Amino acid sequence: MKVANYTDIPANVLGIAGAKGVGVRLLIGPEDGAPNFVMMLLELAPGGHTPDHSHEWEEEIFVKSGQGVIKAAGGEKPIRAGDVLFFESNESHQFMNTGAEPLEFICLIPRRS
C-alpha cells in the first residue's frame, strides 16, 4: 500500500517538444508496484500547454483546479475544475491553460512495458 500527499512528490518539467510550462508529478507508477496503470498530476502554468499529441492508449482525465481549453478533433472546448474527460486511442488532443492560476489535472493511462 502507498499513502502519500501529492505535494510531497516532486514535479518534473515535461521536457518534450511543444510543451510549455508543464510540470508532471508521477503519483502512482511501476516503482509503486502498480502493474496496470500510471497516475500522474499535470500542472500547467498560466499560458502553459501540452503538445498536440495522440497515443495508442485511452486516457482518462479529472480536472482538479484551474481552467483552460482542450483542443481535439471536435474543436476547442473550455474545461474547468471538476470536469472529467475521456480520450479514445489515437485521438489527438492538447491542453492549454487560459486562466490566471495553474491548471491541474489527474491523468490515468495504462502502464506501458
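The values are calculated or read from the model by the stated rules, or taken from the named source; none is laboratory data. Only a predicted model underlies this, so the values are computations on that prediction, with no experimental measurement involved. We place every Cβ from the backbone using ideal geometry, glycine too, and count neighbours over all the protein chains shown.
Between residues in the stretch 8-32 that are on the phi > 0 side of the Ramachandran plot and residues that are in a loop (DSSP other than H, G, I, E, B), which pairs lie under 6 Å by C-beta distance while being six or more apart or on different chains?
G18/P51
With (1) part of a strand (DSSP E or B); (2) surrounded by fewer than 16 Cβ atoms within 10 Å (Cβ to Cβ); (3) under 13 Å from the mean Cα position of the chain (by Cα) as the list, and P78 as the residue in question, which single condition is left unmet?
Answer for P78: the failing condition is (3).
Yes or no: the stretch 93-106 includes at least one residue that is over 30 Å from K2 (Cα atoms), hydroxyl-bearing (S, T, Y) and modelled with pLDDT of 95 or more.
Going residue by residue through the stretch 93-106, those that are over 30 Å from K2 (Cα atoms) are 93-94, 96-100.
Then drop every residue that is not hydroxyl-bearing (S, T, Y), which leaves 98.
Right, trim to modelled with pLDDT of 95 or more and you get 98.
Scanning the stretch 93-106, I find at least one residue that is over 30 Å from K2 (Cα atoms), hydroxyl-bearing (S, T, Y) and modelled with pLDDT of 95 or more, so the answer is yes.
Looking at the stretch 3-42 only, could you name the residues that are among the polar types (S, T, N, Q) and assigned to a helix (DSSP H, G or I)? Working first, answer last.
So the first thing to find is which residues in the stretch 3-42 are among the polar types (S, T, N, Q), and the list is 5, 7, 12, 36.
The one that is among the polar types (S, T, N, Q) and assigned to a helix (DSSP H, G or I): T7.
Here's a check for you: in the stretch 81-113, which residue that is part of a strand (DSSP E or B) and of a type in the set (V, I, T) is surrounded by the fewest Cβ atoms within 10 Å (Cβ to Cβ)? Don't jump to the end; show me each part of the working.
Taking the stretch 81-113 as the starting set, the residues that turn out to be part of a strand (DSSP E or B) are 84-87, 93-97, 103-110.
Right, trim to of a type in the set (V, I, T) and you get 84, 106, 109.
On the way: V84: 11, I106: 17, I109: 16.
Going through the qualifying residues, I end up with V84.
Name the residues in the stretch 68-100 that are under 17 Å from V22 (Cα atoms) and either hydroxyl-bearing (S, T, Y) or in contact with a Pro (Cβ under 7 Å, 6 or more places away or on another chain) (or both), would you?
Residues satisfying the conditions are V69, Q94, N97, T98, G99, A100.
So for the stretch 43-64 (the condition being aliphatic (A, V, I, L, M), in contact with a Pro (Cβ under 8 Å, 6 or more places away or on another chain) and assigned to a strand (DSSP E or B)), does at least one residue qualify?
Taking the stretch 43-64 first, the residues aliphatic (A, V, I, L, M) are 44-45, 61, 63.
Okay, now just the ones that are also in contact with a Pro (Cβ under 8 Å, 6 or more places away or on another chain), so 44-45.
The next check asks that each one be assigned to a strand (DSSP E or B); those that pass are 44-45.
There is at least one residue in the stretch 43-64 that is aliphatic (A, V, I, L, M), in contact with a Pro (Cβ under 8 Å, 6 or more places away or on another chain) and assigned to a strand (DSSP E or B).
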